[in-house]
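As C-alpha cells, the structure follows; a few thoughts come after it.
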Amino acid sequence: MFQPELERMPRERLQTLQLSRLQSLLRRLAEKVPFYQQQFGDIGFNPGDLQRLEDLQHLPFTNKEDLRTHYPFGLFAEPIEHVARIHASSGTTGKLTVVGYTANDLRIFGEVCARSLAAAGAKAGMMLHNAYGYGLFTGGLGLHAGAETLGLTVVPVSGGMTDRQIDLLLDFKPQILSCTPSYALTLAEACRHRGIAPDQLQLRFALLGAEPWTNTLREQVEAGLGVIATNIYGLSEIMGPGVAQEAFDEKGTGSYVWEDHFYPEIVDAQTGKVLPDGQPGVLVFTTLTKEALPLLRYKTGDITWLRRDHDGARTHVKMGPVLGRADDMLIVRGVNLFPSQVEAVLEEFPQLAAHYQLCLKRERTLDEIEVQVEWLEDVERSYGPPEGTGQQAASGLTERLHKRLKERLGLSIRVELVAVGQLPRSEGGKTRHVVDLRRQ
Ligand code: DLL
C-alpha cells in the first residue's frame, strides 16, 4: 500500500474526515464560484447548514452541461494564474470539457495514482510502460505522475506505433503496463502475430481502464501478455485516472474509490434519489479536496454499484464495473438497449472474439440494428455442435446468436460474423462500439 494510514483508516474516522472536508468545500464554493452561489441562493442553503454527510443528498447535482455552459473556466474556483495545468476531454458531443488543477491538486493526483499503481501490484523500483495517451487526455500524464510518486521508472510511450511498443516491451522489460483494455488486446494480438510468447516479456501487472471492459477481455489480455490485469477508473471532471482502482489480490470484487478525496453516491437515473449499497444506479461524485475545479454532486453518467460491506484489506468503499452509461442507452424500435447487454450475450459464446461493433440504420421508417463480431473459427471447431466447418458452421452460429440475442434482449438483431482482424483495432484511444447512422 502506498498510504496505508489513509487506505486503511477506520470508517468512522474516514467519515469524520469526509464531513469536515465537505463542510470546507461548501464554504469555498459559496465564496468563490458564482454558479454555486446562485444554486445555493435558489434553495436557501447556507454552507453552515450541512451537519451530517447524509445531508448532502438534499443539495443539487452538477452536470456535464454545466461545465459546457461555463466553458472554458467559468466553474473554476481559483483565478487562472493559480492553475498549474489544464486538461480536457472531448466526449461524443461537441465542445470540450475543460478541467484545471492547482499545484496541490496535481500533488494529490500523483498520490491517488500512486495508490492505484500500488494496489495493482506495482512497487518502487519496477518499470511502467505507460501507453495511455499524453496530452489533453488525463490518462498519460496522470499515471506518469503516479509512477514518479511511487518511485517507478516510467516509459512515457503514449498510444500508437504498436510494433515499436512491442520492441520496447522486449528490450526494456517493464513489469507494469497501463493502457486501455482494447489497446492491451491489440498488443496481445500483435505479440501473437510476431510469435512472441508472454514469458518473453517481463510484464506482471496491467492497469486497464478509461473505457468499459469485460471479464472475457480480461482473460484474453492476461493470457496474451502474461499479466494480472486490474481495473482503473476515473474521469477528468473529478481528477482523471486514479479515482478508483481494483486491488490485484482482490480481483473481481470491485474497485476501491479513494474516498478521502472523492465522495461517491449512487442515485436513481430518473428520480435522482440516493440508492442503497449494492443497487446499481448513476455514480455521482463530490470532490473533497480539489482546489481549481471543485464539483458538488457531479453526475458521471456511469452506471454501477457501491459496497461498503466488503472484507478487503482497505476500508474504502468499492464500486462495481461500469455497466453502461445513462446516456449510452439506445432506443431501437421502442426497446431500450445498452451496448453492454449485447456484449454480455456475446460473452456466452467462446467462439467469438472480444471485437464487436453495433451499427444502427434507419430503413424507411424502421430502425435496423446489426452486430458485427469476430469469429474464432478454430474455437468453433472444438466447441461447436457437429455442423461442420466454414460456411455451415458460420450459419449455425449466426442463427444461435440471433436467437439468443432475441431471447435475452427482446430485439431482433442482425448478426454478421467477420474474420479475425476485420474490425478496427484500438490504437490506444477509447474504442467506440456503436455506429449510429439513423440521423444521417
Ligand atoms: O478516461 C480517465 C482515465 C484515464 C481513467 C486512464 C482510467 C485510465 P475521461 O476521458 O474524462 O477520463 O473519461 C471518463 O470514461 O466517465 C467512464 O465513462 C469511462 N471510464 C473511465 N474509466 C473506466 C473504467 C478518463 N475503468 C469516462 N471502466 C468515465 C469503464 C471507464 N469506463
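The values are calculated or read from the model by the stated rules, or taken from the named source; none is laboratory data. This structure is a prediction, so every number in the text was calculated from the model and none was measured. Here Cβ is always computed from backbone atoms with ideal geometry, including for glycine, and neighbour counts include all displayed protein chains. All accessible areas refer to the heavy atoms of the entire protein, side chains included, with ligands and DNA or RNA removed. Shrake-Rupley method; radii C 1.70, N 1.55, O 1.52, S 1.80 Å.
Among the residues of the range 1-46, the ones that are in contact with a Pro (Cβ under 9 Å, 6 or more places away or on another chain) and among the acidic types (Asp, Glu) come to 2 in all.
Just one of (1) part of a strand (DSSP E or B); (2) under 30 Å from residue 192 (Cα atoms) fails for residue 221. It is (1).
Looking across the range 204-216, just one residue is open to solvent by 10 Å² or more (accessible area, probe 1.4 Å) and of a type in the set (A, V, I, L, M), and that is 210. If the condition is being open to solvent by less than 60 Å² (accessible area, probe 1.4 Å), more than 20 Å from residue 139 (Cα to Cα) and part of a loop (DSSP other than H, G, I, E, B), then the range 416-440 contributes 421, 423, 433, 438. With the requirement that a residue be modelled with pLDDT under 95, not in a helix (DSSP H, G or I) and not hydrophobic (A, V, I, L, M, F, W, C), what does the range 397-415 give you? 410, 412 - these are the residues of the range 397-415 that are modelled with pLDDT under 95, not in a helix (DSSP H, G or I) and not hydrophobic (A, V, I, L, M, F, W, C).
Between 76, 109, 40, the distinction of being assigned to a loop (DSSP other than H, G, I, E, B) and modelled with pLDDT of 95 or more belongs to 76 only.
For the range 290-321, a residue qualifies if it is open to solvent by 40 Å² or more (accessible area, probe 1.4 Å) and under 22 Å from residue 267 (Cβ atoms), and the qualifying residues are 299, 305, 307, 308, 309, 310, 321.
Looking only at the range 226-238, count how many residues are near the ligand (Cβ under 8 Å from one of its atoms) and more than 23 Å from residue 187 (Cα to Cα). Let's see the steps before the verdict.
Our first condition is that a residue be near the ligand (Cβ under 8 Å from one of its atoms); within the range 226-238, this holds for 231-237.
Applying the additional criterion that residues be more than 23 Å from residue 187 (Cα to Cα) yields 235-237.
Total meeting the criteria: 3.
Considering the range 36-72, the residues that are touching a strand residue (DSSP E or B) at 6+ places or on another chain (Cβ under 7 Å) and within 30 Å of residue 432 (Cβ to Cβ) include one that is surrounded by the most Cβ atoms within 10 Å (Cβ to Cβ), namely 67.
Scanning the range 135-154 for residues that are within 12 Å of the ligand (Cβ to nearest atom) and crowded, with 17+ Cβ neighbours inside 10 Å returns 137, 138, 139, 140, 141, 142, 143, 144, 146. Of all the numbered requirements in (1) surrounded by fewer than 19 Cβ atoms within 10 Å (Cβ to Cβ); (2) closer than 22 Å to residue 282 by Cβ, residue 20 misses one, and that requirement is (2).
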